[in-house]
Amino acid sequence: MIFIKQFGELGRDDIEQAGGKGANLGELTRAGLPVPPGFVILTDAYRGYIAEHQLADKIVGLAGPTDDPAGYESASEQIRALFAEEVSDSLRAEIADEYAALGGDVPVAVRSSATAEDLPEASFAGQQDTYLNVRGLEDLLVAVRDCWASLWTARAMAYRARQAIDPTTVSLAVVVQQMVDANAAGVMFTANPSNGHRDETVISAAWGLGESVVSGSVNTDNIVVSEADGTVLSSETADKAVMTVPTEHRTQERPVPDDQRRQPVLSESDAAALAAYGTRIENHYGAPQDIEWARADGQFFIVQARPITALPEVEAPMPTDWTVPEPTAMYVRASIVEQLPDPLSPLFAGMIDGAVTRSLQSLFNELLSEDLIRDDEVGLPTINGYAYYRYKRSGMWRLMWKSPKAFRVLPSSQGRWRSYSHPKYRRIVRDWTGRDLGEMSTEELLAGVEELVEAAAEYYTAVQTIIPIAATSEVLFTRFYDAVVRGKDDPPAQVFVLGSDSEPIRAEKSLYDLATWTRSHQVLAESLLGMQPQEFLERAAASDDPVWHEWHTRFQHHLGAYGHTVYNLDFMNAVPADDPAPLLETLRFFVSGKGLDPYQRQQRLAVRRDEATATVLARLDPVRAKAFSRLVHWAQNVAPVREDALADVGLGWPQVRRMLAKIGRRLQEAGVINKPDDVYWLHRSEIDENLASLADQVVQRKALWRGQRRATPPQLLPKGGWGDMWRNWMPAASEDQTGDVIKGIAGSAGTITAPARVLAGPQDFGQMQPGDVLVASITTPAWTSLFAMASAVVTDIGGPLSHSSIVAREYGIPAVLGTAVATRRIRSGQLIRVDGDAGTVSLLDGTEQSQIEPAVHSSPRRKIIAAAAGAAAAVGLTAWLVRRRGSHKMG
């Protein structure tokens, strides 16, 4: 049997024999690329060694999946010890012959080449071992056995378990390649991994061998080259402190000579020449490549190439210019905009602007019995894709003048919401849900979408009238309690408004009930915990088994009640009714028995609230007791209503998305767009089945959106000018803050140190681990299911009366809100300290205690007032709070 082949005898179809790395080196050699010569010890040699020493059953017995990282480490040590036996005489002789053919006692690189690595669907880079500067036959044989053993490193076993790769199916080849005595080396990506641009080649370069680059132990020069003409688009020269060099035995890191540390490794012509090799390799494979290269005696060599497995979608440059169309108007991200953390889809942006304007005009006309707002004085336009409330100066002054009258009628808003706004919205949604979409024309469907968006905007405007009342009730109660009631041992004011029921809490209890029922059916529970969410849902929907059918019925009932809650108000984003898979992460958490019983938690809070209330009332005089009772009951009654109202903002979105899906399929069939979901990237005027293809425009708009999404939008524009008088009232920190302490607004008390988990949306919910700090742009009622798993909450947007704050208090976990920058400054897995009292988030990687600064908004009252002012601004009532601040010296 042949156990070895030279590179020139192998190609891309030989992965089963040569592993991914060996097959790629063979393919590159045959394509005429400058690959240092070498050979591959095939996978049959590994299998022969395993059979000869009877290791298969021992390895499989030790290599089973585990949730304990230490278990993988222990198994790895035991498995690798099994590879101490010598190779067979026949294999030894074959290796000796091939090694001699390279030139005798020459230094070689010995690399592992697994059968499941370097594939488009899985990247095993770094999972197995590499040995450089191996000299002599005996040293080579040891390195070969060590490579075989490295198939069973802890990291490799854990990676395969995550990728669901059966350990009995993997095997390993070994690449033996003549060492390049490189004076420089690095990696090259034939597409830009930071922005997804396929026409840019990115080169990282350092002095010495490439090991220091691959291991990340050295800063590298970074060069971006245009694939079209080899022009260097950008170049950054690093201070390269160390380099890897060959020694008498293997390699070691040494300091870079001082005169080389800050010198560029590659000239522009060198970079262009290297990038040309990258283009050749990409063209040969037909896909972007991750390439390792080396340079010796002025010549470049290719020592490895693999597909790029995690290339992002193309994105445009991040915007930096926040110039507004009307410098005399004020643009503010508050109220409804808190539900829109990302740039808007073109279709939603076009529909929501006019709808918001009309809903505000209608509201003020009803509140004040006059046309207070002109058509051009308020709107919801976008700046760099982000939604902003726009107020003209004339409209703002008119609102300030009339706001006391508006505030006098606001107390009736809660009753109006119950008796009019909510029933009207439900009636419109029910009417459209009952229609046969297949019988409707595209224009009729689009008219329905517009009517539902109008209804949603009108409903949200009605909800906004509840927000100032909720803010005022908590402000007044807190001020009264702190000033004239609270004693030394009394609890904080927020204790008196906890333990109430609201729509998000009811949704959580509904999931908990389903989990409790699921746990009583062992096979069902084990399937839920063991299967992928989508696979489980599909089986439940199709199964004839009575238990599975009952589970599906119960889950559909939950979605019918709560599936319309939005993660993001832009209707481009799926709601749970469309994509329920994210809910299964919390359901699994409850089924596994890790979650707290929400009924018991709520009862404990209610008991504590009632006991604290009784204790306080027992020692107050009649006058203070009457005032305390009235204020606390007011605050307790209004807060849940706000959450109930917000939870139904997306009531029409499941039907809107069904209608747009129908339109999208028709446009796809007509060749206007490539897939139904591309309908969200069209403008209203472009929804026409007779148009030519808009596929290119959709691609460009998506790239623009991705670039915009990287930006941190200022909360108030323009910067400077008359609008700055409002800046201190906005419920968010500065978007310009830097340093190891991120400042925000205290939303829920307590301090916790834990790993962060940065989630962009429901597609990331599966990353959440129990005890993580939930970090997100916002959380809406649809995010509540994650609060059971979180140890704290940090958001970019929001204030003390936002959903994040209210629900975090109910869960008894710290919350810091309105940081503006958390999702961009914090990385998943990073250890952070969340101080919900001070309103700060400390980044603990290298942070000293002395560096921690106090929060800017340290007064709890000021924070609550700021949130109330932000909410009131959305309905033109900011002036009331400004006047109150002056007359009562608030803050």
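The values are calculated or read from the model by the stated rules, or taken from the named source; none is laboratory data. Every value quoted in this text rests on a predicted model; they were computed, and no experiment measured them. Reconstructed Cβ throughout: ideal geometry from the backbone, glycine too, with neighbour counts over all protein chains shown. Only protein heavy atoms, including side chains, enter the accessible area calculation; ligands, DNA and RNA are left aside. Shrake-Rupley method; radii C 1.70, N 1.55, O 1.52, S 1.80 Å.
Some observations on this one:
- Using alpha-carbon coordinates, inclination of helix 878-888 to the longest axis of the chain, degrees: 70
- Eigenvalues of the alpha-carbon gyration tensor of the range 466-527, scaled by 5 and square-rooted, set the equivalent ellipsoid semi-axes at 41, 16, 6 angstrom, largest first.
- Ordered from largest to smallest accessible area (heavy atoms of protein chains, 1.4 Å probe), the residues Glu211, Glu27 come out as Glu211, Glu27.
- Kirkwood Rh (inverse of mean 1/r, distinct Cα pairs), the range 186-341, angstrom: 17.8
- Violating pairs (Cα-Cα greater than 29 angstrom) within the set Lys662/Lys702; Lys21/Lys675; Lys424/Lys509: Lys21/Lys675
- Cubic angstrom per residue, convex hull over Cα atoms of the range 427-572: 190
- Total formal charge among the other residues, if their Cβ is under 14 angstrom from that of Ala577, Lys/Arg +1 and Asp/Glu -1: -1
- Rg/Rh (Cα only; Kirkwood hydrodynamic radius) as it applies to the range 750-839: 0.90
- Counted charge near Ile505, where neighbours are those whose Cβ lies closer than 12 Å (Asp, Glu -1; Lys, Arg +1): -2
- With the gyration tensor restricted to C-alpha atoms of the range 202-268, the semi-axes of the equivalent ellipsoid amount to 25, 13, 9 Å, longest first.
- Distant-in-sequence amide contacts of Gly136, defined by a placed amide H-H separation under 5 Å and a gap of 5 or more residues or a different chain, comprise Val106.
- Tilt relative to the chain, helix 598-619 - C-alpha long axis, 0 to 90 degrees, to 10: 40
- With 5 Å bins from 0: P(r) over the range 1-104, alpha-carbon pairs, percent: 2, 12, 17, 15, 17, 15, 11, 8, 3, 0
- Prolate/oblate/rounded label for the range 623-725 (Cα gyration tensor, a/c 1.5): oblate
- Folded to 0 to 90 degrees: helix 695-709 orientation relative to the chain principal axis, Cα: 80
- Rounded, prolate or oblate (a/c below 1.5 giving rounded, otherwise prolate when a/b exceeds b/c) for the range 525-612 by Cα gyration tensor: oblate
- Here the contact order of the range 256-323, divided by its residue count and restricted to Cα pairs under 8 Å and six or more residues apart, works out to 19 percent.
- Net charge dipole, the chain: roughly 5320 debye, given to the nearest 20, about the Cα centre with Cβ charges of +1 for Lys and Arg and -1 for Asp and Glu.
- One quarter of the convex hull surface built on the alpha carbon atoms of the range 130-179 amounts to 3.9 nm², the projected area averaged over directions.
- Reciprocal of mean inverse Cα separation for the chain (Kirkwood radius, Å): 31.1
- For the range 566-708, relative contact order (Cα pairs under 8 Å, six or more residues apart, normalised by length) works out to 19 percent.
- Taking every protein chain into account, the accessible area of the chain amounts to 41 square angstrom per residue (probe 1.4 Å).
- Contact order normalised by residue count of the chain, Cα under 8 Å, 6+ apart, percent: 11
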